[in-house]
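Below: one structure, written as structure tokens.
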Amino acid sequence: MLAGLAAAPVAGLPAIAGVVADDDPLLEALAEYERLHAIERTAWEAVADAAPTSNRLPEVVFNGNRVFSILHLETMRESSMGMTDEEIDDTIARLRKGNATMRAEAAGLEPEYQNARAVLEAHNAYAQNAETSEVLDAESAAQKAQDNAN
């Protein structure tokens, strides 16, 4: 699968997002890139439309998109070429490092999770019209879990 990703152009990757797990950090990063790219394109168009008519460039198009400056043209050229194998490897390595950091931080949240779950279970028992003694026992257990976590 990764070999296929390396060969695919960046713009085509969101189309295969359904093939990989929904929480794949690489695909999430690419989707975020596409979202930010659309915002950037909208901003460039707003700037061009706001310019006085006398200062406007003739419409310049590259790869089906309007171009507003040499910097914009160069940026579009770079993105149309896709990522190099080294850039893909670097991106995957950074995503893995970030994912490992998130997992390490999440491991420290287990007591907080257990406490929150106990409180929600106590509330759920109450909401289902359980007998009063069961609700009190669940709330007591939740309070004990919260006290032990602190």
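Structure values in brief
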{"item": "Subset of region 103-117 that is surrounded by fewer than 10 Cβ atoms within 10 Å (Cβ to Cβ) and part of a helix (DSSP H, G or I) - its residue that is farthest from the chain's Cα centre (by Cα)", "result": "107"}
{"item": "Residues within region 57-68 that are part of a loop (DSSP other than H, G, I, E, B) and over 16 Å from residue 37 (Cα atoms), tallied", "result": "3"}
{"item": "Residue within region 87-99 that is closer than 30 Å to residue 149 by Cβ and either open to solvent by less than 60 Å² (accessible area, probe 1.4 Å) or polar (S, T, N, Q) (or both) present", "result": "yes"}
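The values are calculated or read from the model by the stated rules, or taken from the named source; none is laboratory data. Because the structure is a prediction, the values reported are computed rather than measured. Positions of Cβ are backbone-derived with ideal geometry, glycine not excepted, and every protein chain shown enters the neighbour counts. For the accessible areas, the whole protein counts, side chains as well, though only heavy atoms, and no ligand, DNA or RNA atoms are used. Shrake-Rupley method; radii C 1.70, N 1.55, O 1.52, S 1.80 Å.
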